[in-house]
1. Could you check how much of the accessible area of the chain is carbon and sulfur, as a whole percent, using a 1.4 Å probe?
2. Kindly report the accessible area of the stretch 266-316 per residue (heavy atoms of protein chains, probe 1.4 Å, no ligands, DNA or RNA), in Å².
3. Hey, what D do you get for the stretch 138-196 in µm²/s if you plug the Kirkwood alpha-carbon radius into Stokes-Einstein at 10 °C and 1.306 mPa s?
4. Write out the trypsin sites (Lys or Arg not before Pro) in the stretch 398-467 meeting two conditions: DSSP loop, and at most 11 other Cβ atoms within 10 Å of their Cβ.
5. Positive end of the dipole of the stretch 226-380, charges at C-beta (+1 Lys, Arg; -1 Asp, Glu), about the Cα centre: which of T341, G372, P302 has its Cα farthest in that direction?
6. Cα gyration tensor of the stretch 306-417, axes a ≥ b ≥ c as square roots of the eigenvalues: rounded (a/c below 1.5), prolate (a/b > b/c) or oblate?
7. Taking the Cα centre of the chain as the origin and placing charges on Cβ (Lys, Arg +1; Asp, Glu -1), which of Y193, G236, S107 is farthest toward the positive end of the dipole?
8. Return, for the Cα atoms of the stretch 187-255, the radius of gyration and Dmax in Å, separated by a comma.
Amino acid sequence: MSKTATKAAVAVQTKAAGDISSVFPSLRPDYQPEPLSSRFRDLKLGLFEKNEKALTDSWKRLLPSLQNEVAQIKSKGSDIIPSVEYADIVSGNVTEETLKEIRHRGSVVIRNVIPREQSLEYKQRIREYIAANQERVKAFPADTPTVYELYWTPAQAEARAHPNMLETQRFLQHLWYSSDPNSKFSRSNPLSYSDRLRIRNPGDAKFTLGPHADGGSLERWEDLEYSNVYSKILEGKWEDYDAWDAKHRLSAKMDLYNGAGSCSMLRFFQGWLSMSDTGPGEGSLHVCPMIKHSTAYTILRPFFDVESQKPKMDATFPGSVPGACQEYNPVTHPELELETTMVSIPYVQPGDFVAWHCDSLHSVDKEHRGKGDSSVMYIPATPLCDMNVEYLLKQRKAALEYSPPWDFPGAGSVGEFGFKGATDWSALNIDGKRAMGMGDSPWEITHEMSEGEKAAIRSANAACFDE
């Protein structure tokens, strides 16, 4: 490793210990957010005064168009979410019509990514790992564990490194592009982002995540580069907004407040691998399948009063709390009609993979009404770029020390160090090691790559492999 990379890898601060309830105000019913300071009124006013008439007209156009989307979702329910077979991804047989629908809905179910029996084996090995280390394993809720603060079980490491998983991530990342041909990123080289796992048992009603979008909250308006992602919306041209342009996301700051669960890595898609047979109502995921409309509404909503539909220039940003994700409910965001538009993911089997756009609203069943467990590993699709490589170095240090990764509660603490059956990193396959910034096999540069992609890979190799 180079000296620069060594410094970056070592300079890992700590985050307060906790669990997933540290991340979501909605999991803490006694939590009352403090009013935002007057500088947020100034922020809102500054953004609004640039395009006052255009924004007001845009809001008026958005609401009826939003109603049409709501009607479509209501008529189709879970069937509106596209599904594809992993075999069709490998053979190149996913149709343009299907790709268009995935981009429109912002979510997809990919069937049979990992063989069923292997996915069930992952779950069994995780259970054995939990049992072997039960005195030290942390989870939420503490009395009926559902979401485990585990990141380094061998099953998780192997699933992230599985060739089919990496190929799935490549497919998802190629749904994105950049309007700047010199953008410094690679869609063909997914990086591993180490996240938690969930084993939700029948009857659970405590893990009740309401509608939210990750990637920060106030940062979407406050950070200049992040707000540039939504420049068309902020110009009053929401119809021209492209949710799949990575140009400004590559350097957007999604965590300005050192939040307990803010993501420091750019995830083109969030996702999970199913380890159970799970249907709607059985402790599963819900998504809002209208990515352009829900994003436009999110960005415009703070500027308008929903009762009068007139501009409102106070310091409020509904559902936005410093250091937390963006949350939604029928009071803060009524026109989204969340009771209708938050539709359940269709029935999934062990080995199926579910992915949703990084700005997609998503939630979890309030109650698990099924008969079997609802179990997943959280595995997103994260492209190779400078921001993600910087995080990768910190994550690699955490992995080698079996400490929680930087983005999670307890980062820098003992974590899983000393756990029985912890991951042997030397046993991971070559591609899996590379995706973790480990091993001695750097990313390859090929002649057909853009200059931006070549530059991104050179930087990543220098940081991770001292080339």
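1. 50
2. For the stretch 266-316, the per-residue accessible area is 25 Å².
3. On the way: Rh = 13.9 Å.
In µm²/s, the coefficient rounds to 114.
4. Filter output for the stretch 398-467: K420.
5. P302
6. On the way: a/c = 2.26, a/b = 1.35, b/c = 1.67.
Oblate.
7. Y193
8. Spelled out, the Cα radius of gyration and Dmax of the stretch 187-255 are 16.7, 47 Å.
The values are calculated or read from the model by the stated rules, or taken from the named source; none is laboratory data. Since this is a predicted model, take the numbers as computed values, not measurements. Note: ideal-geometry Cβ built from the backbone for every residue, glycine included; neighbour counts use all protein chains shown. When the accessible area is computed, the model is the full protein with side chains, heavy atoms only, and any ligands, DNA or RNA have been set aside. Shrake-Rupley method; radii C 1.70, N 1.55, O 1.52, S 1.80 Å.
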